[in-house]
Amino acid sequence: MTDSTPDPIDGADMPLPPAIYPLICVGGGYFLNKYIPLTAPAFLTTDAAINDKLAAVVLISSLLLIAWSIFTLRRNETTLLPHRAVSRLVTSGPFQYSRNPIYLGFSLLLLAMFFSTLNVWLVILLPLNLWLLQHYVILPEEKHLKERFEADFQDYQSLVRRWL
């Protein structure tokens, strides 16, 4: 009799935890802003209260999206850690709109930081963050999910976009 339970470590093969990539971009943005400061567009600097409100809305949205995603994964009794093997394919909650809502939430955090600080480098590095997450996290995760769930994951891929 064989056990169908996956090895708990046998998940996606990635060099760093997913949260590190947005942190790299935030650190890079603050470093670059210190040595090569860029001026934010004038329409963003005319009223700081509007920027703060935009920052708050995007921050709250990103945190709610991340929390909803974590709650959904927990409710489905599967791992939050992508280097661990998943026990089931989750397609409900935020995962019915995006295959990667947590990483989308991470990216929205960068946007919230931009509105809060008007550090233009954070917006410039946002595409790098998306690329790093996609290349080093999402593609290995998708490979793992394809191997684990085969046709079910391919059906899910055809119905739900990677980001939005």
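The values are calculated or read from the model by the stated rules, or taken from the named source; none is laboratory data. Since the model is a prediction, treat every value here as computed from it, not as a measurement. Here Cβ is always computed from backbone atoms with ideal geometry, including for glycine, and neighbour counts include all displayed protein chains.
Brief remarks on what is shown
- Residue count, segment 111-129 (criterion: crowded, with 21+ Cβ neighbours inside 10 Å and under 12 Å from the mean Cα position of the chain (by Cα)): 1
- Hits in segment 46-63 (condition: closer than 22 Å to Pro127 by Cα and not β-branched (Val, Ile, Thr)): Asn51, Leu54, Ala55, Ala56, Leu59, Ser61, Ser62, Leu63
- Val137 being under 30 Å from Ile36 (Cα atoms) and either surrounded by fewer than 16 Cβ atoms within 10 Å (Cβ to Cβ) or among the hydroxyl-bearing types (Ser, Thr, Tyr) (or both): no
- Residues (polar (S, T, N, Q), surrounded by 15 or more Cβ atoms within 10 Å (Cβ to Cβ), at pLDDT 95 or above and part of a loop (DSSP other than H, G, I, E, B)) located in segment 56-98: Asn76, Thr91, Ser98
- Only one of Leu54, Leu63, Leu81 that is out of contact with any strand residue (DSSP E or B) (no Cβ under 9 Å at 6 or more places or on another chain) and within 22 Å of Met14 (Cβ to Cβ): Leu81
- Restricting the first member to segment 21-45 and to residues that are within 11 Å of Ile124 (Cβ to Cβ), and the second to residues that are in a helix (DSSP H, G or I) and not hydrophobic (A, V, I, L, M, F, W, C), the beta-carbon pairs closer than 7 Å and six or more apart or on different chains are Cys25/Asn129.
- Search result, residues across segment 31-42 that are assigned to a helix (DSSP H, G or I), exposed (fewer than 15 other Cβ atoms within 10 Å of the Cβ) and not basic (Lys, Arg): Phe31, Tyr35, Ala42
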